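Undergrad: If you scroll down you'll find the structure; I have some questions about it.
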Amino acid sequence: AAANIGVVGLAVMGSNLARNLASREGNTVAIFNRSRAKTDELVTAHPEAGFLPTFSYQEFADSLQKPRTAIIMVKAGAGTDAVIDELVKVFEPGDIIVDGGNAYFPDTIRREKTVRATGINFVGAGISGGEEGALTGPSIMPGGSDESWVTLGPILRSIAAIAEGEPCVTHVGHDGAGHFVKMVHNGIEYADMQLIAEAYDLIRRGTGKTPAEIAEIFAEWNRGELESYLIEITAEVLRQVDAATGAPLVDVILDQAGAKGTGAWTVQTALALGVPVSGIAEATFARSLSSHPEQRAVAAILPGPDEEFTVSDEAAFIEDVRLALYASKIVAYSQGFDEIRTGAAEYGWNIDLGAISKIWRGGCIIRAQFLNRIADAYAETPDLPVLMTAPYFAEAIGRAQSAWRRVVVAAAQAGIPAPAFSSSLSYYDGIRADRLPAALVQGQRDFFGAHTYKRIDKPGTFHTQWSGDRTEIEAEDTH
Ligand code: NBP
């Protein structure tokens, strides 16, 4: 056996990851794809990689040194299960199967349990960075056993992106922890993108600036505290001119945003965990709303505000939008990390939140300067319950909040949708509130369903006899 690592699935992600692996000192990469053509093409196109092509699962297994290590990069779902079934037949106890696809974490938990019963290690690894990242260095979020990490760690470290000298990979936690964290990463990505889109829309409609002019604003923002890959590419997209029409490309693209489901997973999981990820949810719903042209056509008759949206001081407004974007972004990340923290407690994963923020500094879509501040916050207080209460973020939001409120008010008055900006502000005001109207909701619940309530002045559980004489009695806790 001559290869130290293998890749199964040679579509765009798998072939790029295989090339990345092959380019690192000491690696010999065995490759296998269900249909032969992709294998032949890859070998022909990249002789420099020295790939070991194989054409059956048995041949693939025979070509790998023990413990065998194979990374699966196939279509998530049934494809992944099909490949695992085949690999389990030809691998031995101690070998390692890594699923680098975009699996839903409960599937990874299930697969890990099934594969572990055979003595083979199964590692679900979230890989972020798209095609380019796979080739040049992605951010990698592996779960799985400690035993598998001994072999896998050095290999993954060698192919990961490097941020400030550190490889963007860490052993996230057991079984599905890696795919869980990758899922939340994608959810945060949804929120970040939506916030940027709202900022663009407000500036465009408030100032009448062209996309190319707004591109310069984003390029400028990218030199400050908002510095990130997403802000950088936003400027690129806004600058792009459509060759066919000569119009800004952004004006030619149909305004319906697609989604592959990871945002929805993040929100569904958060709902089940009881974690309010309102920024991610609004970003996901904003894509859904955009993608119903039939409803939007009908709803076009609904009235908007009477007044024109005018901004008297353009520079001040743009700075307000920048601050609103920064504050809302802090909320989105705070909510995302809350989901990871809560998920870790629920599923028994020991996740180092600071380490997660560090491995997102390179390779992945949400890479940003900002993540260093998150790492600092968790270094200072590892079990911080609300990320945005860390001194750095609390100060930043404090600095931004007046501007943030002005922007949300302006958007509401102008009839410009800003769901992520405004829901982030509501979350901020909710979580910091001394007292919430939840007391009234609990009263209503007690009225119609005898769901009981607790009191602020004494322990115990109480119920008011609403349909009787409305006196209060001590009750069983049915919260
Ligand atoms: P695709 O998701 O398009 O999957 C195509 C690959 O899956 C081909 O190699 C295909 O083999 C193989 N495959 C299928 Br489909 N069913 C199979 C089966 N039953 N048995 C064996 N192989 C099967 O490829 P991709 O876009 O390279 O993505 C790979 C994974 O990486 C996915 O899970 C994706 O979600 C994830 N991911 C993608 C990106 C991205 O930017 N594209 C980013 C991050 C993660 P064939 O050639 O014989 O049809």
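Undergrad: If you fit an axis through the alpha-carbon atoms of helix 105-116 and take the longest principal axis of the Cα set of the chain, what angle between them do you get, 0 to 90°, nearest 10?
TA: The angle comes out at about 30 degrees.
Undergrad: Rounded to the nearest 500, what is the chain's calculated 222 nm mean residue ellipticity when only DSSP H runs of at least 4 contribute -39500 (n - 2.57) each, over all residues?
TA: My calculation for the chain gives -17500 deg cm²/dmol from helical runs alone.
Undergrad: Still on this structure: On C-alpha positions alone, give me the angle between the axis of helix 419-431 and the longest principal axis of the chain, in degrees, nearest 10.
TA: Value to nearest ten degrees: 70.
Undergrad: Rank the residues W466, W149 as a footprinting-exposure proxy: fewest other Cβ atoms within 10 Å of their Cβ go first.
TA: W466, W149
Undergrad: Mind sorting H174, H292 by how few other Cβ atoms lie within 10 Å of their own Cβ, fewest first?
TA: H292, H174
Undergrad: Step through the residues of region 459-464 one at a time and calculate ³J(HN,Hα) from phi using the Karplus curve (6.51 cos²θ - 1.76 cosθ + 1.60, θ = phi - 60°), rounding each to whole Hz and writing x for Gly and Pro.
TA: x, x, 10, 10, 9, 8
Undergrad: Give me the orientation-averaged projected area of the Cα convex hull of the chain, in nm², one decimal.
TA: The number I arrive at for the chain is 28.7 nm².
Undergrad: On to the next question. Could you list T266, T381 in order of exposure, starting from the residue whose Cβ has the fewest other Cβ atoms within 10 Å?
TA: T381, T266
Undergrad: Using the structure shown, list the pairs from K89/K113; K75/K358; K38/K113; K182/K260; K38/K89; K38/K260 with a Cα-Cα distance above 20 Å, or answer none.
TA: Over 20 Å Cα-Cα: K75/K358; K38/K113; K38/K89; K38/K260.
Undergrad: Here is a follow-up. What list of ³J(HN,Hα) values in whole Hz, one per residue of region 118-127 in order, does the Karplus curve 6.51 cos²θ - 1.76 cosθ + 1.60 (θ = phi - 60°) give from phi, with Gly and Pro shown as x?
TA: 8, x, 8, 7, 10, 10, x, 10, x, 10
Undergrad: Given Cα positions, please report Rg to Rh for region 103-211, the hydrodynamic radius being the Kirkwood one.
TA: Ratio of gyration radius to Kirkwood radius for region 103-211: 1.16.
Undergrad: Would you mind checking which residues have amide H under 5 Å from W360's amide H? H placed 1.01 Å from N; only 5 or more apart, or other chain.
TA: Residues meeting the amide H criterion: none.
Undergrad: With an 8 Å cut-off on Cα pairs and a minimum separation of 6 or more residues, tell me the relative contact order of region 306-397 in percent.
TA: Relative CO of region 306-397 lands at 27 percent.
Undergrad: What whole-number distance in Å separates the alpha-carbon centres of region 3-24 and region 181-203?
TA: Cα centroid of region 3-24 versus Cα centroid of region 181-203: 30 Å apart.
Undergrad: Okay, next question. Could you give the angle, 0 to 90 degrees to the nearest 10, between helix 177-207's Cα long axis and the longest principal axis of the Cα atoms of the chain?
TA: The two axes meet at around 50 degrees.
Undergrad: A follow-up question, please. Which ³J(HN,Hα) values in Hz, rounded to whole numbers, follow from the phi angles of region 25-32 under the Karplus curve 6.51 cos²θ - 1.76 cosθ + 1.60, where θ = phi - 60° and Gly and Pro get x?
TA: Residue by residue, region 25-32 yields 3, x, 9, 10, 10, 7, 10, 8 Hz.
Undergrad: Picking from F370, A18, A264, whose Cα lies most toward the positive end of the charge dipole for the chain (charges on Cβ: Lys, Arg +1; Asp, Glu -1)?
TA: Farthest towards the positive end: A18.
Undergrad: Using only Cα atoms, locate the centre of region 419-452 and the centre of region 230-289, then give the distance between them in Å, rounded to an integer.
TA: Comparing the Cα centres of region 419-452 and region 230-289, I get a distance of 28 Å.
None of the figures in this text is laboratory data; all of them are computed from the coordinates on show. Everything numeric here is computed off the predicted structure, so don't read it as measured data. Reconstructed Cβ throughout: ideal geometry from the backbone, glycine too, with neighbour counts over all protein chains shown.
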